[in-house]
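Everything on this sheet refers to the single structure shown next.
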Amino acid sequence: MTSPEAKGPKVPPSYPPRTPPPQKKPMEPPRPQPATKSADGMPLRTRPRMVVRNRRTAAHPFRADEWAPTKAVRQVLETVRGWGYPALNEEDLASAVRLLVTSAVADGGKRLSVHLGDQDRKVLVAVLSHTTGAPDQTVLGTVAMLTTVDSVGTDTGEDGRRMWAVLDGEPRRRPVHHAAAVRR
């Protein structure tokens, strides 16, 4: 039989108490949040951003190299075919994508992206170069000359240079003008 005294004297815990081991990864400091109000309490004005709602969209990122235009054309045609535009002139769409992507590659960035959207039987093709480049207005003129292109444009923002074209998914038939018979 053992008595409580046989266990030995009670020893107080060691001082200072043990501390937990340090974390393996140091905590990341909180990321800065964009300011929504200026110093005087007034809301800051931000540049309007492109917002797409209630329509189909697709985004295709590419490396900005010599093969980007061919890859972009292939993926854009596949996407738009899936949306069901039987009357869309695919040659115009392919030409517009090829011209816009080639211009974005010439901006000298490492990557680019092609964004698609549709609404009211029209297809939007927007190409972002993700770098600020000198706008090449000749490309937009060439794209605007395509038969089914309704409008083109470009702008530069925080995310780089953006070029876009809107193509008619159901082009209207143009009236045929017959030469008037000449009476003698």
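The values are calculated or read from the model by the stated rules, or taken from the named source; none is laboratory data. Everything numeric here is computed off the predicted structure, so don't read it as measured data. Virtual Cβ from ideal backbone geometry, glycine too; neighbours counted across all protein chains shown. Quick note on the areas: whole protein, heavy atoms, side chains included, nothing else; ligands and nucleic acids left out. Shrake-Rupley method; radii C 1.70, N 1.55, O 1.52, S 1.80 Å.
Once both labels are positioned 7 Å from their Cα atoms along Cα-to-Cβ, the gap between ASP159 and ASN54 label points is 2.2 nm. Treating r as the C-beta distance of SER151 and THR70 and R0 as 25 Å, the FRET efficiency rounds to 0.45.
Counting only protein heavy atoms, what percent of the accessible surface of the range 91-150 is carbon or sulfur at a 1.4 Å probe?
54
Ordering ARG121, ARG31 by accessible surface, largest first, gives ARG31, ARG121; the 1.4 Å probe counts only protein heavy atoms, with every chain in place. Peptide packing for 89-101, 151-163, 55-67 was compared via the average number of neighbouring C-beta atoms within 10 Å per residue; ordered from the highest value, the list is 89-101, 151-163, 55-67.
The mean accessible area for residues of the range 107-162, using a 1.4 Å probe and ignoring ligands and nucleic acids, is 49 Å² per residue.
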